[in-house]
Amino acid sequence: MDPLIYKEMLEQESTHWWFRSRRRIVKSLLKSIKLKKDAAILEAGCGSGGNLPLLSVLGGKVYAFEMYDLARESAKARNIATVEEGKLPDAIPFAGINFDLIGLFDVLEHVEDDAAALKALAARLNDGGKLCITVPAYQWLFVRHDRLHHHFRRYSKTELLRKMEAAGLQVEFVSYWNCLLFPIAIIVRLLDGLGIPKDHTIGSKKPSPIINRLLLLLVSSERHLLPFMRLPFGLSLILLASKSKN
């Protein structure tokens, strides 16, 4: 990933409407999980650790790994989780520990061999353990923004379900999200595909405080719908799967 883009993401993870909305959407799904008090929780590819406070309130002990030094040190500095260097699919740390919950939040699209990554994570789940992931949706929306962020792909729901099954995981919940902004985002992405605007970071920059707040309220409001319905389309997918008990 472009170092400037990565630095911008680290700076905005706590305040940008998109990161905050995703955390609220994820929280709405994870609150339905009943974890034991001594549960082991892992975030794979934790970035600067913006999701670690969310995972820590679920109980148990939180672990995380991250391949980029700057982000990993930021995550460690939060003093919330045990954070180590790691990489998917073949360098998952914490040998000897299996997990009750693994979070993978907009990471899978950065892994060239995503099938191997899912199988590796499934192997580190306890029987009955859960895997919660978010990924960008629709390959036809793959444009300059994705290339600059080192995405290998975007996902359809069908493809994601197939890869979960191949990894030996049983899907309990899957839905699109970021549905309400979908029409606007299509226009923005199509323009991006044409190289308009020339500033490739414009779609990632944090908007004014008022717009940032309005977008947060709009997109995160979808969390109130997800317990009752699956959204039929959206810019992202969220999925919860489990490892069958032997």
Residue set Ile133, Ile102, Ile92, Ile184; condition exposed (fewer than 15 other Cβ atoms within 10 Å of the Cβ) and of a type in the set (Val, Ile, Thr); output residue Ile184
If we keep only residues of the range 47-62 that are hydrophobic (A, V, I, L, M, F, W, C) and without any contact (Cβ under 8 Å) to a residue 40 or more places away in the chain, then the residue nearest to Arg78 (Cα to Cα) is Leu52
Of the listed residues (Leu58, Leu108, Leu35, Leu42), the one being surrounded by 16 or more Cβ atoms within 10 Å (Cβ to Cβ) and in contact with a helix residue (DSSP H, G or I) (Cβ under 6 Å, 6 or more places away or on another chain) is Leu108
Please enumerate the residues belonging to the range 64-103 that are out of contact with any strand residue (DSSP E or B) (no Cβ under 8 Å at 6 or more places or on another chain) and either over 23 Å from Phe152 (Cβ atoms) or hydroxyl-bearing (Ser, Thr, Tyr) (or both). Tyr68, Glu73, Ser74, Ala77, Arg78, Asn79, Ala95, Gly96
In this structure, does Glu11 turn out to be touching a residue at least 12 places away in the same chain (Cβ under 8 Å), of a type in the set (Asp, Glu) and on the phi < 0 side of the Ramachandran plot? no
Residue tally, condition assigned to a loop (DSSP other than H, G, I, E, B), exposed (fewer than 13 other Cβ atoms within 10 Å of the Cβ), modelled with pLDDT of 75 or more and out of contact with any strand residue (DSSP E or B) (no Cβ under 9 Å at 6 or more places or on another chain), over the range 191-236: 4
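Is it the case, given these coordinates, that Ala122 is of a type in the set (Gly, Ala, Ser) and over 30 Å from Val188 (Cα atoms)?
Numbers: of a type in the set (Gly, Ala, Ser): yes; over 30 Å from Val188 (Cα atoms): yes.
Considered against the rule, which asks whether it is of a type in the set (Gly, Ala, Ser) and over 30 Å from Val188 (Cα atoms), Ala122 comes out as yes.
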Looking at the range 108-119, can you tell me whether even one residue there is of a type in the set (A, V, I, L, M, F, W, C), on the phi > 0 side of the Ramachandran plot and touching a Phe, Trp or Tyr at 6+ places or on another chain (Cβ under 9 Å)? no
Residues of the range 136-170 satisfying the condition of being within 26 Å of Leu101 (Cβ to Cβ), loosely packed, with under 15 Cβ neighbours inside 10 Å and of a type in the set (A, V, I, L, M, F, W, C): Phe152, Ala166
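The values are calculated or read from the model by the stated rules, or taken from the named source; none is laboratory data. Since this is a predicted model, take the numbers as computed values, not measurements. Note that each Cβ is placed from the backbone with ideal geometry, even for glycine, and that neighbours are counted across all protein chains shown.
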